[in-house]
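Reading through the structure tokens given below for one structure.
The values are calculated or read from the model by the stated rules, or taken from the named source; none is laboratory data. Because the structure is predicted, anything quoted here is derived from the model rather than measured. Here the Cβ positions follow ideal geometry from the backbone for every residue, glycine too, while neighbour counts run over all protein chains shown. Surface accessibility is based on the protein's heavy atoms, side chains included, excluding ligands, DNA and RNA. Shrake-Rupley method; radii C 1.70, N 1.55, O 1.52, S 1.80 Å.
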Amino acid sequence: MKVIILSALVAVAMAAKLGTLSNLVEEPTTTTEPPKPYSFGFEVRDDNTTNYHNRAEAAGDGCVRGSYSYVLPDGFVYTYKYQDCGNGYEIVEQRKEPSGIQVIIPEPQPKIPKAQSLFTAA
């Protein structure tokens, strides 16, 4: 009988220790802050290569809104406006307009045969 009572007391003591250890382990807390407002943009205007494109984006009030444009070799400016208010990105406007730019398309450079390469070992 003493053995049973001693075993029961040891079991209770072990359970109490385990309970206090689990209280010492902190659960990781995660906090998700709402995104902070931002805005950015850039523009490329390279007349030598007729490389023209831009992008602008801003976030605030729970939505991200922006636009981008580029000129393709067909001479048109393609512009897209988009937004994401929590349902994924969607195009809200798209335009195709003549750019008035004469697009320069570079000629491909001829490949140098390996025998004439500057980097072949002698």
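Quick check: anything in segment 92-100 modelled with pLDDT under 95 and among the hydrophobic types (A, V, I, L, M, F, W, C)?
No, segment 92-100 contains no residue that is modelled with pLDDT under 95 and among the hydrophobic types (A, V, I, L, M, F, W, C).
If you scan segment 30-54, which residues turn out to be among the acidic types (D, E) and either open to solvent by 100 Å² or more (accessible area, probe 1.4 Å) or farther than 30 Å from Q102 by Cβ (or both)? Steps first, answer last, please.
In the first step, residues of segment 30-54 are kept if they are among the acidic types (D, E); the result is 33, 43, 46-47.
Residues satisfying the conditions are E33, E43, D47.
Can you tell me which condition V92 does not meet? The list is (1) exposed (fewer than 10 other Cβ atoms within 10 Å of the Cβ); (2) more than 20 Å from T50 (Cβ to Cβ), and all the others hold.
Unmet condition: (1).
Could you check how many residues of segment 55-78 are closer than 14 Å to S99 by Cβ and loosely packed, with under 15 Cβ neighbours inside 10 Å? I'd like the intermediate steps shown before the answer.
Here is the first cut: in segment 55-78, the residues closer than 14 Å to S99 by Cβ are 69-78.
Going one step further and asking which of them are loosely packed, with under 15 Cβ neighbours inside 10 Å, we end up with 72-75.
Final tally of qualifying residues: 4.
Among all residue pairs at least 6 apart or on different chains, which show Cβ distances below 7 Å where the first residue, located in segment 36-65, is in contact (Cβ under 8 Å) with a residue 60 or more places away in the chain and the second is among the acidic types (D, E) and open to solvent by less than 100 Å² (accessible area, probe 1.4 Å)?
Matching pairs, first to second residue: none at all.
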